[in-house]
Amino acid sequence: MLDTFNSNTTPDGAIPFDKLNSKDFSNAIDKTIGLARTRIAEIENQSKPDFANTIEALELASKEMDQVTTVFFNLYHACTDAEIDQAVGPVSEKLAAFGNDIQLSEKLFENVKAVKNDEANLKLNPEQKKLLDETFEGFARNGALLSEADKTKLREIDQQLASLGPQYSQNVLKATHAFSLNIENEEQVQNLPDSVQATAAEEAQKRQQKGWTFTLQAPSYIPFMKYMKDRSLREKMWMAYNTKALDGEYSNREICQKIATLRNTRAQLLGFETHAHFVLKKRMAKTPEKVFQFIEELKAPSFEAAKKDLAQLQNFVKNEEKEDIEIQPWDFSFYSEKLKKHLFDLNDEDLRPYFPVQKVIQGVFLHGEKLYGLKFDKADDIPTYHEDVEAYRVSRGDQHIGLLYLDMFPRENKKSGAWMTNYREQGFDGESVKRPHVSLVCNFSKPTKTQPSLLTFNEVQTLFHEFGHGLHSLLSDCYYSSLSGTNVLWDFVELPSQIMENWTYEKESLDLFAAHYDTNEKIPAALVQKLNASRNFQAGYGSLRQISFSLVDMTWHTEIKGKDLDPVAIETLATADIQLLPKVPGTNFSVGFSHIFAGGYSAGYYSYKWAEVLDADAFEAFKEKGLFDKEVAKKFQSEVLSRGGVEDPAILYKNFRGKEPNSAALLKRSGLS
């Protein structure tokens with residue numbers, strides 16, 4: 001496999017997916033770890049350490065390993081198979097051991113300290129100084145100053161965490177696919193949109209079942225909960241979704257406990273009070289106290305607005321729907337959709353015909369062109385890892401910007417949700433500064449035999465969001481890969497993505513791509529007006545939901561001393577004073593909260609709300625000058641998108657906006673002020 005990666009026979013240095021074999025990954029990773037260890041030993045034995053032979057050499061020491069493991073883990077999330085599933089645990093443990101061997105090496109740290117204290121550093125450019133500082137701090141934060149006994153404890157903890165993360169992910173994926181709901185009675189599905197019925201019918205045929213089959217994947221689950229009239233079936237589906245991976249064969253209950261405990265123990269070993277204190281030292285927020293203060297500032301207006309949202313919905317159910325029920329969690333989406341139709345004469349199905357997926361893809365590309373001068377050309381000569389995946393060359397004039405992969409539809413071997421990832425970071429690889437290879441992964445409804453894939457408005461926003469992450473990587477202009485693109489402080493990383501969602505509410509923007517799949521008619525102005533009128537519909541409830549996720553995350557990572565670490569108990573503790581709908585016994589979302597237990601958001605989920613403050617304020621600059629104003633876009637690119645993690649994000653933001661961010665813009669936009 002190493003020969004395949006090094007063959008350089010693929011156009012633009014793309015990953016040769018057509019030549020890869022999953023069975024070869026383990027051996028290739030072992031070989032690249034061995035190669036990296038040889039280079040590390042050479043760095044350790046430098047008699048006169050300097051920036052080039054120590055700091056830059058460390059940056060490049062594991063470049064082959066980084067490439068192979070990047071592909072391995074990206075496929076594990078997007079297109080896994082039995083061989084990858086079997087290998088992921090052992091591979092994660094080997095990588096944890098390798099990482100510890102570097103971070104805990106006294107020889108390496110002595111050399112890094114020698115470079116740090118060298119007066120020659122005065123001649124380094126800002127990016128070199130940043131790399132030096134990050135390298136030194138990386139050692140200090142990850143155990144280099146520990147005693148040998150504590151280093152041994154740290155290794156043991158990291159090995160366990162490396163094993164538990166993949167177990168958690170596999171349980172979520174398997175639990176999601178273990179449940180399906182088959183309906184044979186046509187009357188029970190008649191209220192569902194035609195597109196949802198068609199997809200469910202094809203799912204039933206695939207499973208050799210009669211009627212319609214629904215799953216816990218988002219394109220099936222979300223519309224089912226919005227439109228299924230049969231309350232008992234909604235309850236059954238909701239319970240399946242909110243109990244998956246809690247107990248039984250694919251339980252994550254104990255894994256959550258173990259991960260949180262190990263993280264806390266690790267943080268204390270490194271001299272921090274909790275895991276949150278450890279994480280937030282390298283965030284804009286800096287401390288848990290600052291995060292809780294930030295959440296509190298938003299919690300009160302969100303909670304008051306959410307109570308009004310729920311009261312309005314309950315009143316609608318009683319007086320308009322003439323139903324004498326107390327709203328339960330499985331009722332909320334169903335009646336909310338009805339209320340939205342009642343108030344604004346609008347629902348998701350009114351908008352979907354104007355959002356065929358290929359038109360929306362063209363739309364995000366046009367935004368990339370109008371804002372940043374980018375061009376996206378289909379690249380059929382670039383191999384992909386699945387027939388659903390499309391590859392594009394990204395350019396600006398004669399300049400090659402990078403490659404972009406689009407993976408839009410769900411599969412059984414693909415995790416749920418949406419994300420952006422890189423197959424190659426922008427930056428120096430030892431030979432030259434390379435351009436990035438970016439992938440956007442989503443789970444939208446597939447085309448049926450009768451119509452194309454039609455997106456909901458939320459799915460349109462999702463694609464714009466992930467495209468924003470993609471732009472952050474594609475437009476990176478850094479020298480070192482570890483500082484480029486999205487390698488920024490975690491509570492800043494959502495700004496480039498969330499700001500892109502703002503364009504989806506603008507008629508000028510929608511006219512670029514929103515056209516009826518059958519008639520090609522542009523989305524009517526009246527429909528856009530309804531969309532904007534409904535923008536803050538249940539904004540309080542939506543904000544409170546995000547706040548509850550943030551509180552659960554922070555509770556897992558700050559309040560675990562002397563507390564019952566059962567996931568149900570943790571969530572009860574975290575959300576006791578903001579619980580609106582009745583708490584249903586035996587349900588839990590921590591066991592499927594992959595963002596914090598199998599992703600990079602532990603003690604960091606608040607970042608979404610934090611970045612909302614930034615994106616609301618930043619978009620005001622475009623509103624003031626024009627949605628596609630070249631000067632504003634150029635400044636956003638030069639001060640935010642291109643700079644990666646080279647500079648403090650607070651400074652980057654102020655350079656762009658000319659002032660500190662103001663939460664008033666978010667409260668105003670959300671109607672919560």
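Observations on the model:
- Here the dipole of the chain is about 740 debye; that uses its Cα centre as origin and unit charges on the Cβ of Lys and Arg (positive) and Asp and Glu (negative).
- In the chain, Cα pairs under 8 Å separated by at least six residues give a relative contact order of 15 percent.
- Prolate/oblate/rounded label for segment 352-533 (Cα gyration tensor, a/c 1.5): prolate
- Listed peptides 591-599, 155-163 by packing density, highest first (mean Cβ within 10 Å): 591-599, 155-163
- Dipole moment magnitude, nearest 20 debye, segment 179-243 about Cα centre, only Lys, Arg, Asp, Glu C-beta charged: 200
- A dipole drawn for segment 429-501 from +1 and -1 charges on Cβ atoms has a positive end, and of His472, Met500, Pro452 the residue lying farthest that way is Pro452.
- Distances between placed amide hydrogens fall under 5 Å for Tyr423 paired with His437, Val438, Ser439, all partners being 5 or more residues away or on another chain.
- Taking each DSSP H run with n ≥ 4 as -39500 (n - 2.57) and averaging over every residue of the chain yields -17500 deg cm²/dmol at 222 nm.
- Cα centroid of segment 571-626 to Cα centroid of segment 115-192, whole Å: 19
- Judged by the ratio a/c of the largest to the smallest principal axis of the C-alpha gyration tensor, segment 534-615 counts as oblate, that ratio being 1.5 or greater while a/b is no larger than b/c.
- Count Lys and Arg as plus one, Asp and Glu as minus one, and take only other residues whose Cβ is under 14 Å from that of Asp230; the net charge is then -1.
- Positive minus negative residues near Glu83 (Lys, Arg vs Asp, Glu; Cβ under 13 Å): -2
- Charge dipole of the chain about the Cα centre (unit charges at C-beta), most positive-ward option of Phe224, Ile401, Phe17: Phe224
- Only Lys, Arg, Asp and Glu carry charge here, each on its Cβ (+1 for the first two, -1 for the last two); on that basis segment 2-145 has a dipole of about 260 debye about its Cα centre.
- Cα-based shape type of segment 2-145, given that a ≥ b ≥ c are square roots of the gyration tensor eigenvalues and the cut on a/c is 1.5: prolate
- Listed values (i) 1.21; (ii) 1.04; (iii) 0.95, entry calculated as Rg/Rh (Cα atoms, Kirkwood Rh): (iii)
- Residues listed by number, segment 217-241, amide nitrogen under 13 Å from Asp324 label point at 7 Å toward C-beta: none
- Residue among Leu313, Pro301, Gln257 farthest towards the positive dipole end of segment 248-317, charges placed on Cβ: Gln257
- Links that overshoot a 21 Å alpha carbon limit, given the list Lys507/Lys623; Lys290/Lys634; Lys229/Lys318; Lys359/Lys415; Lys94/Lys129: Lys290/Lys634; Lys359/Lys415; Lys94/Lys129
Just so you know, all these numbers are worked out from the coordinates, no wet-lab data involved. Treat the numbers as computed from the prediction; the structure is a model and nothing was measured. Every residue, glycine as well, gets a Cβ built from its backbone with ideal geometry; the counts of neighbours run over all protein chains shown.
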